[in-house]
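Q: Take this structure first; my questions come after.
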Amino acid sequence: MGLQAEALFFFPHSPAPSLKRTPELKQLLLTAGPGDAAERLDRFLAKAGGISRGEARRLLERGSVWVDGKRVKAASRALRPGQAITLVLEEAGRRQQQGHDALDASRILYEDAHLVAVDKPPFVPAQPTLASDRDDLLALASALTGCRLGLVHRLDSETSGVTLFAKTEVGVLTQAFRERRVHKRYLALVMSAEALPDEGVIDLAISSDPTRPGRQRAIPKGKLPALTRFRCVERCRAGTALVEAFPETGRTHQIRAHLEAMGAPLLGDKLYGGLASLTMDGTDSNRIAIPRVMLHASAIELEHPATRKPLRIEAPLPEDFGALLVQVR
């Protein structure tokens, strides 16, 4: 899942202490989460910024990267959770993302004085990337609520569903994610469903794939242990299935890599072997296009950071996911 570093806390355009901001420059601040412990700096920049490792190294060589306010040029620099990584970029060198409509009030699932939960649309990045600093979910949610929000977890760009932001009590929320006291439920449409038992636990570590930039591997042992519980909710036509996934950890692409390791990659997930289209009767005349990675963060449960009362927030099934599910039933 994007699924991305669970204890991430991010404010847009926050300058590093020793950097002077000018109208000609843009600054992008990323924060290393628990899942990024000991990660190489160039790999982190590529993963978090949505660029190649070659581009990340060129940024380092130009002196455009700062870690905790100090310029760093070493691509192999190992990161620690909580470190702030600032990139100083020329305005002219940024590509502006277009086409995302602003969030409207219907996307707010929950809001009070302490936190807000938003139903993230697919294809909206959770936070600014090196390729774009517009129309990310953090900026859109902040504009919609009129608050300076902090993002405490993130979803992959194509993943839809519940995303939490902090107004206050940031430390309490991030600690809850670190201690695995936040419980998440995802819905996934997978292929080759016959490979999956009715339910089970996937206990495989997550590691960057050295042969495929941006891809993770699920391996028996590693420095980033990961655990996902799953249940087949419904077995459908063409060897597909609707699956519930309950990640106990929050590693990058955890659900996607775990289900691929079980021989049942997500529909639409080309990075992990998922099909881009399906044929229901074996003929091209009845081919169904898969619009994206079929993963939806449907619910999240936590203790409210201020009241300490149980809080459950749910996001409805998005239109594209629901339409595909109807077609394969």
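Q: Search the structure for amide H atoms under 5 Å from the amide H of L227, placed 1.01 Å from N in the peptide plane, and list their residues when 5 or more places away or on another chain.
A: So L227 has HN proximity to E248, T249.
Q: Check I51: other-chain or 5+ apart residues with amide H under 5 Å from its amide H, H built from backbone geometry?
A: Counting only residues 5 or more places away or on other chains, the set is empty.
Q: Still on this model: Per residue of segment 206-223, in order, report the coupling 6.51 cos²θ - 1.76 cosθ + 1.60 (Karplus, θ = phi - 60°) as ³J(HN,Hα) in whole Hz, putting x for Gly and Pro.
A: 10, 9, 4, 7, x, 9, 9, x, x, 9, 10, 10, 9, 10, x, 9, x, 6
Q: Report the label-to-label distance for Q175 and C147 in nanometres (one decimal), using points 7 Å from each Cα along the Cα→Cβ vector.
A: 2.0 nm
Q: Determine which lysines satisfy two conditions relative to K270: a Cα distance under 23 Å, and not lying fewer than 8 residues away in the same chain.
A: K47, K120
Q: Once phi is turned into θ = phi - 60°, what whole-Hz ³J(HN,Hα) does the Karplus curve with 6.51, -1.76 and 1.60 give for every residue of segment 30-47, x standing for Gly and Pro?
A: 10, 10, 6, x, x, x, 9, 4, 6, 6, 5, 4, 5, 5, 4, 4, 5, 5
Q: Once you list every other residue whose beta carbon is under 14 Å from the beta carbon of I108, what net charge do they have if Lys and Arg are +1 and Asp and Glu are -1?
A: -2
Q: Please give the net charge around A299, taking every other residue with its beta carbon less than 13 angstrom from that of A299, where Lys and Arg add +1 and Asp and Glu add -1.
A: For residues surrounding A299, the net value is -1.
Q: Length gain on complete extension for the stretch E61 to A37, per 0.36 nm per residue less the alpha carbon to alpha carbon distance?
A: 6.4 nm
Q: Lys/Arg Cβ at +1, Asp/Glu Cβ at -1, dipole of segment 25-93 taken about the Cα centre: which of L29, A75, I85 is farthest positive-ward?
A: A75
Q: What does the extension gain come out to for A195 and Q327, with contour length at 0.36 nm per residue minus their alpha carbon separation?
A: Fully extending the segment from A195 to Q327 adds 45.4 nm.
Q: Which FRET efficiency value, to the nearest 0.05, do you get for L311 and F123 by plugging their Cβ-Cβ distance into 1/(1 + (r/R0)^6) with R0 = 25 Å?
A: Using R0 = 25 Å, I get an efficiency of 0.35.
Q: In nm, what is the difference between 0.36 nm times the number of residues separating T279 and R53 and their Cα-Cα distance?
A: Extending this stretch completely gives an extra 77.7 nm.
Q: Excluding A205 itself, calculate the net charge of residues whose Cβ lies under 9 Å from the Cβ of A205, where each Lys or Arg counts +1 and each Asp or Glu counts -1.
A: Its environment carries a net charge of +3.
Q: On to the next question. Distance in nm between label sites at H114 and R71, each 7 Å beyond Cα in the beta-carbon direction?
A: 4.4 nm
Q: Calculate the dipole size of segment 25-93 relative to its Cα centre from +1 charges on Lys and Arg beta carbons and -1 charges on Asp and Glu beta carbons; express the result in debye to the nearest 20.
A: About 220 debye.
Read the figures in this text as sums done on the coordinates, not as results from a lab. What you see is a predicted model, and the numbers here were worked out from it, not measured in a lab. Glycine also receives a Cβ, built like all others from the backbone with ideal geometry; neighbour counts cover every protein chain displayed.
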